[in-house]
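To keep things clear, I will list the structure first and then write my remarks on it.
The numbers here are math on the coordinates, done by the rules we state, and not lab data. Bear in mind that the values here come from a model prediction, so they are computed numbers and not experimental data. Note that we place each Cβ from the backbone using ideal geometry, even for glycine, and neighbour counts take in every protein chain shown.
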Amino acid sequence: MSHQGIFGGKRIVLGVTGGIAAYKAATVCSRLVQAGALVDVVMTEAAQKFISQLTFQALTHRPIYTDMFHIPGGENIPHIVLADSADLLLIAPATANTIGKVANGLADNLLSAIALATPAPKLMAPAMETDMWRHPATQRNVATLKGWGIEVIGPAAGRLASGAMGEGRLVEPDEIVAAAQIILARQGDLAGRTVVVTAGGTREAIDPVRFVSNHSSGKMGYAVAEAARDRGAQVTLITSANLPAPFGMAVVRVDSAQEMLDAVLTATDQATALIMAAAVADFRPLTVAEQKIKKRGDTEGLVLELVRNPDILAEVAARKATGTGPDITVGFAAETHDLLANAHEKLKRKRLDLIVANDVTATDAGFAVDTNRVTLLGTDGSIEETPLMTKREVAETILDRVARFLTDS
Ligand code: CTP
């Protein structure tokens, strides 16, 4: 499994057809290339009136395909090579003409021939004038495509090339890329699985404006949630971190350990895996002042009395013992000393399948940075140390193990 994210090493055939929105295909192309995809651009003749081959060549550093009978680099017949190797055929923008050809099995140019020949999943983003979109012929053709399982995204409403307002605009490049990502994820090794991930340091209220918390940024948990989504899982992210919600997953925002516990128990009822990347506060203030605590006169100090929080993983383990809850639980151990011994003890005590241990005293790993270096300890006695990697790569390594548990069980 590539550690580059979902697009890493994926072959995407990007079909560009002739409409003013063709210039936006350059943005789509650029995003895909930056995300690590190998993008082969196929342009229709009309597309080349709107945007140059050179634009896509510069973005992809690959030959651009325009002609069924012209073979760049002397390869095999392009429509066969491209059709066979594609992980996704994305047509953006898709004109009424190309939609019509594909829906009717015509293969009179390279792009329509590829559409007919490829077994790859297909995504089309229509763009045209409103009347063309609304025409019964186009609507029938789109219904045919959808009936075959071809995904159609948009069109959106807004200002059209003619200056008129209406339905027919190409959806935004980011939306097209997100839709492509979801389609590719369906081929992932966690497709059909439910994964619950926690992230962030919990906040334990002292009064309405203050809380006790820790340095956890939530980045590791978000990386795990995004990686699981990209491998096809249905993800619930339970988070106390102040990070924007990633797309394509359920996000439950919580503050305290108690709230996190409730959310975890609800979400893991039917889940395949629980990955507890959150730094749960072990203690909370015994009482939460109803009003902001004021300093009074000459008081020199303030004593906060703390009580133990529930241990979320222990509660999940107790449920597992009765036959409910996730099949696999993964914990994290953030340690400042005796890393392996402490992690091993937690693996056993919390009845985990896997624990991810990291030394939070390292400046290039752990809290708030984008990199991490961890040791994975499994119940099978395995110990796997990773080099310094991005949090996304660490996430993929953890999920490799989760996927392996699933195939082994
Ligand atoms: N954890 C939990 N509930 C808690 C505390 C921790 O579920 N109340 C989870 C964390 O999300 C993590 C793992 O347990 O996956 C280990 O967390 P850590 O704080 O290192 O362990 P503790 O059990 O709190 O042990 P200690 O603080 O004594 O090191």
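Here are the numbers:
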| read-out | value |
| --- | --- |
| Residues being of a type in the set (A, V, I, L, M) and closer than 18 Å to ALA120 by Cβ - total across the stretch 141-166 | 4 |
| Some residue of the stretch 290-312 being under 33 Å from the mean Cα position of the chain (by Cα), of a type in the set (A, V, I, L, M) and within 25 Å of ALA241 (Cα to Cα) | yes |
| Scope the stretch 289-331; condition surrounded by 10 or more Cβ atoms within 10 Å (Cβ to Cβ) and among the polar types (S, T, N, Q); matching residues | ASN309, THR324, THR329 |
| Residues of the stretch 299-322 satisfying the condition of being without any contact (Cβ under 8 Å) to a residue 60 or more places away in the chain, aliphatic (A, V, I, L, M) and either in a loop (DSSP other than H, G, I, E, B) or more than 13 Å from the ligand (Cβ to nearest atom) (or both) | LEU302, VAL303, ALA321 |
| Qualifying position, being touching a residue at least 12 places away in the same chain (Cβ under 8 Å) and within 23 Å of ARG401 (Cα to Cα), among ALA257, ALA205, ALA228 | ALA228 |
| Residue selected from the stretch 371-398 under the condition in a loop (DSSP other than H, G, I, E, B) and exposed (fewer than 13 other Cβ atoms within 10 Å of the Cβ), by the criterion farthest from the ligand (Cβ to nearest atom) | PRO387 |
| Meets criteria (small (Gly, Ala, Ser) and out of contact with any helix residue (DSSP H, G or I) (no Cβ under 6 Å at 6 or more places or on another chain)) for ALA362 | yes |
| Test: PHE247 is aromatic (Phe, Trp, Tyr) and in contact (Cβ under 8 Å) with a residue 60 or more places away in the chain | yes |
| Residue check for PHE211: of a type in the set (Phe, Trp, Tyr) and within 15 Å of the ligand (Cβ to nearest atom) | no |
| Members of the stretch 323-354 that are part of a helix (DSSP H, G or I) and near the ligand (Cβ under 10 Å from one of its atoms) | ASN342, ALA343, GLU345, LYS346, LEU347, ARG349 |
| Hits in the stretch 280-298 (condition: touching a residue at least 60 places away in the same chain (Cβ under 8 Å), more than 12 Å from PRO208 (Cα to Cα) and of a type in the set (Gly, Ala, Ser)) | ALA281 |
